[in-house]
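Peer 1: Quick one: structure below, then a few questions.
The values are calculated or read from the model by the stated rules, or taken from the named source; none is laboratory data. The structure presented is a predicted model; accordingly, all values stated were derived computationally and were not measured. A quick note on method: Cβ atoms are made from the backbone with ideal geometry, for glycine too, and the neighbour counts reach across all protein chains shown.
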């Protein structure tokens, strides 16, 4: 049995359960939108992600996140899969969304790039595996970037 942190005075148990995170492979005008977060020190681009809010369905949450971060309206949402991301103690629920509108980035994002599904490169972690799985459903063999070893 796993030991848990427990307060002896009030009996509170810290479960340290993983946090659900939503992620979107955003298809926009036939291309894949990847964005760069303002908080990232490296200039990498990734899927649109965000936390679920209390009382919302995951499908509603990812549409909200896409709208908040890119100003795009989501008109189709399809589950790709659920991915373990232990490094951040998260469970990623990944969707493919089709979106339209004018891209206007929130202050949370500093840049975006559009890639054709045939040229987009995946990364060997969390949401990169979701992108790879989505590409496979399109008959595209995913290509992965190589990260330097720490």
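Peer 1: Output the residues belonging to the range 12-51 that are free of Cβ contacts under 8 Å to residues at least 40 places away in the same chain and crowded, with 17+ Cβ neighbours inside 10 Å.
Peer 2: 48, 50 - these are the residues of the range 12-51 that are free of Cβ contacts under 8 Å to residues at least 40 places away in the same chain and crowded, with 17+ Cβ neighbours inside 10 Å.
Peer 1: Of all residues in the range 68-94, which are over 14 Å from the mean Cα position of the chain (by Cα) and surrounded by 18 or more Cβ atoms within 10 Å (Cβ to Cβ)?
Peer 2: 72, 74
Peer 1: Kindly provide the set of residues from the range 112-150 that are outside any loop (DSSP other than H, G, I, E, B), touching a residue at least 40 places away in the same chain (Cβ under 8 Å) and closer than 14 Å to residue 83 by Cβ, ordered by number.
Peer 2: 126, 127, 128, 129, 130, 131, 133, 134
Peer 1: Quick one: in the range 89-111, which of the residues that are without any contact (Cβ under 8 Å) to a residue 60 or more places away in the chain and out of contact with any strand residue (DSSP E or B) (no Cβ under 6 Å at 6 or more places or on another chain) is farthest from residue 128 (Cα to Cα)?
Peer 2: By that ranking, first place goes to 102.
Peer 1: For the range 1-49, which residues satisfy the criterion of being at positive phi and modelled with pLDDT of 80 or more?
Peer 2: 29, 30, listed by residue number.
Peer 1: What about residue 107, is it within 17 Å of the chain's Cα centre (by Cα) and surrounded by fewer than 14 Cβ atoms within 10 Å (Cβ to Cβ)?
Peer 2: Criteria not met by residue 107.
Peer 1: Yes or no: the range 73-81 includes at least one residue that is at pLDDT 95 or above and not in a strand (DSSP E or B).
Peer 2: No, every residue in the range 73-81 fails to be at pLDDT 95 or above and not in a strand (DSSP E or B).
Peer 1: Can you pull out every residue in the range 17-41 that is more than 15 Å from residue 117 (Cβ to Cβ) and outside any loop (DSSP other than H, G, I, E, B)?
Peer 2: 19, 20, 21, 22, 23, 35, 36, 37
Peer 1: Right, another one. Does residue 53 satisfy being assigned to a helix (DSSP H, G or I) and farther than 17 Å from residue 131 by Cβ?
Peer 2: Spelling it out, it is not the case that residue 53 is assigned to a helix (DSSP H, G or I) and farther than 17 Å from residue 131 by Cβ.
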